[in-house]
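The values are calculated or read from the model by the stated rules, or taken from the named source; none is laboratory data. A quick note: this is a predicted structure, and the numbers were derived from the prediction, not measured. With ideal geometry, Cβ positions are generated from the backbone for all residues, glycine too; neighbour counts draw on all protein chains shown.
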């Protein structure tokens, strides 16, 4: 198949024998020379950085006021326990923050599956060791789990106003559900020509999303941007004069995860029950400032974002 004298791929196949809920291998061929690396690089970047997932944000360990407090009767130091907690793979089927609690009495070898909590949180690597508790000792851990994208450091969470309560241990949060993406480009033959590309991509996820679903989401994100460029619109702009009311409604219901909003700010709004552009626009300045951890600087970001979409905050309610 050709398009504007360019050869389009006629083979797009997943390796069904190796395909699992966490691993997939996709082959796309033949591609015009150079398109293998172009597509592979773009898809890899989006898969690793732009898909939404879940991660622990705050840990509270009874008896530990900070990360370097020793825990009597627990064989691991708090930093070791925190490292194990950060390795949790979690599927978050809800909207706002969730809670997980581990309550163990020694002797015990605690694992990730020992955490109990909100029904919309599902731990995927239940065999992950957490800590060993000696006879007669106890370990109580509470986790706050949120949805987000990308990587947010403990310092970033602190700057956002988190960790103000005594005993809060802020965590470096990796939200991306895709753990690893590799791609390779080989030569492919079309007729007598051997200078076409063959793109093979390997995708490994944490199990909260499958490789096919991850690839579909990455393609959708790229398509959304290309459609904006093709239509001559800035990303997120409401559009040229004459756009239909239906398009405006789409922007009103646009999830914050599909905007250029910083992940930390999106997580703060999600904790306040705000997940779409329309929900932001329906609030007044005072109502937004009442959201926990949202300050004047964040409000300016929200006003600028709404302006890009041709929207604004609600007027004061008298």
Discussion item. Looking only at residues that are assigned to a helix (DSSP H, G or I) and under 17 Å from residue 308 (Cα atoms) in the stretch 266-296, which one is modelled with the lowest pLDDT?
Written reply: 266
Worksheet item: surrounded by fewer than 17 Cβ atoms within 10 Å (Cβ to Cβ) and either outside the structural domain of residue 37 (by TED's automatic domain parsing) or farther than 23 Å from residue 51 by Cα (or both): does that describe residue 113?
Response: yes
Discussion item. Condition check: in contact with a strand residue (DSSP E or B) (Cβ under 6 Å, 6 or more places away or on another chain) and more than 30 Å from residue 276 (Cα to Cα). Does residue 118 satisfy that?
Written reply: no
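Mind checking which residues of the stretch 176-199 are surrounded by 18 or more Cβ atoms within 10 Å (Cβ to Cβ) and part of a strand (DSSP E or B)? Steps first, answer last, please.
Going residue by residue through the stretch 176-199, those that are surrounded by 18 or more Cβ atoms within 10 Å (Cβ to Cβ) are 176-178, 181, 183, 185, 188, 196-199.
Residues satisfying the conditions are 178, 181, 183, 185, 188, 196, 197, 198, 199.
Right, residue 257: modelled with pLDDT under 85, part of a helix (DSSP H, G or I) and out of contact with any strand residue (DSSP E or B) (no Cβ under 9 Å at 6 or more places or on another chain) or not?
On the way: modelled with pLDDT under 85: yes; part of a helix (DSSP H, G or I): yes; out of contact with any strand residue (DSSP E or B) (no Cβ under 9 Å at 6 or more places or on another chain): no.
Spelling it out, it is not the case that residue 257 is modelled with pLDDT under 85, part of a helix (DSSP H, G or I) and out of contact with any strand residue (DSSP E or B) (no Cβ under 9 Å at 6 or more places or on another chain).
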Discussion item. For the stretch 154-168, which positions are surrounded by 14 or more Cβ atoms within 10 Å (Cβ to Cβ) and under 21 Å from residue 272 (Cα atoms)?
Written reply: 154, 156, 157, 160, 161, 162, 163, 168
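With respect to residue 43, determine if the residue is in a helix (DSSP H, G or I), at pLDDT 95 or above and surrounded by 19 or more Cβ atoms within 10 Å (Cβ to Cβ). If you could, list the steps in order and put the result at the bottom.
Values: in a helix (DSSP H, G or I): yes; at pLDDT 95 or above: yes; surrounded by 19 or more Cβ atoms within 10 Å (Cβ to Cβ): yes.
So residue 43 fits the description; yes.
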